[in-house]
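Notes follow the structure.
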Amino acid sequence: MVVGSPTIILQITLLVSANRGRLYRKIDFLLFLCYLKYTGGVPMKKTKFWILISVYLCLAFADGALTYINTPDLSLEGNPLVAKLGLGWGALAIANIAVFALYFATAYYNYFKYKTVFTNETTYTRYWSQITFDRPDMFWKGCILPPKHWKPYIAAFGFSILPAAIIARLILVLEWLTITFDIAGSYQYFYFVNTYCFGRLDVLAAVVVAIAGIFYWFYIEYKKQLICTTAE
């Protein structure tokens, strides 16, 4: 890749005269930033995407197997389709496949399709507002109003949902294991969950992680455009 930005050339020239010992590290850093900007860091994103998908599928299968072992009649299943509507294994399987398809599609969009939007904004909230409303003063109103551009939110959801879903599945697997092996203290744990977590610690944890992940995604995009713009 050939980088011909006069700004980068000037930076390198100044560095040579100021401190030769840091020259190669600075060049590598600038080239890496330009690589991220023009390619989106696709090879790294691809690896992360497939790792997250693999971990989620492993936990989902473990959750399903432990569910079948501990409650083949689904009498202990907490999924609302079963607990509230009285549906069976078929509905549970279809729901899990549909949810996984949503996770896969949105995460794939974030890791492979979405391109960072570069603006002139230098604050986090103004950048968020600019890429979703085409104006920098809509951050707080944007918390209650539908955005003009949905793509950043789709990508942010795709970024945050896999870690959130993995944590939720891990909690379910651990809960089933406490039942399977009759681990001491499990009664106190489930009492705590039913009393303070609405009976679903997995859902509560997933919601918290997903919301935090969305805010973090916008922060990453803001810093990415800010650093790349400064490097140029």
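The values are calculated or read from the model by the stated rules, or taken from the named source; none is laboratory data. Note that the coordinates shown come from a computational prediction; the quantities given were computed from them, not determined experimentally. Counting neighbours? That spans all protein chains shown, and the Cβs are built from the backbone with ideal geometry, glycine included. Quick note on the areas: whole protein, heavy atoms, side chains included, nothing else; ligands and nucleic acids left out. Shrake-Rupley method; radii C 1.70, N 1.55, O 1.52, S 1.80 Å.
A few comments on the model shown:
- Any chance Cys228 is open to solvent by less than 70 Å² (accessible area, probe 1.4 Å), at pLDDT below 90, farther than 26 Å from Ile51 by Cα and hydrophobic (A, V, I, L, M, F, W, C): yes
- Per the conditions (1) farther than 25 Å from Lys84 by Cβ; (2) part of a helix (DSSP H, G or I), the sole criterion not satisfied by Lys148 is (2).
- Residues that are out of contact with any helix residue (DSSP H, G or I) (no Cβ under 8 Å at 6 or more places or on another chain) and either β-branched (Val, Ile, Thr) or within 17 Å of Arg169 (Cβ to Cβ) (or both), drawn from the range 58-79: Cys58, Phe61, Ala65, Tyr68, Thr71, Gly78
- Considering the conditions (1) without any contact (Cβ under 8 Å) to a residue 40 or more places away in the chain; (2) open to solvent by less than 50 Å² (accessible area, probe 1.4 Å), Gly78 is excluded by exactly one of them, (1).
- Conditions (1) within 17 Å of the chain's Cα centre (by Cα); (2) more than 15 Å from Ile161 (Cα to Cα); number of the one not met by Tyr111: (2)
- Any hit, the range 191-201, residues being part of a helix (DSSP H, G or I), within 24 Å of the chain's Cα centre (by Cα) and either farther than 21 Å from Tyr111 by Cβ or of a type outside the set (Ser, Thr, Tyr) (or both): yes
- Residue that is modelled with the lowest pLDDT, among those in the range 174-190 that are open to solvent by 60 Å² or more (accessible area, probe 1.4 Å) and in a helix (DSSP H, G or I): Tyr187
- Among the residues of the range 91-148, those identified as out of contact with any helix residue (DSSP H, G or I) (no Cβ under 6 Å at 6 or more places or on another chain), of a type in the set (Val, Ile, Thr) and open to solvent by less than 70 Å² (accessible area, probe 1.4 Å) are Val99, Thr123, Thr125.
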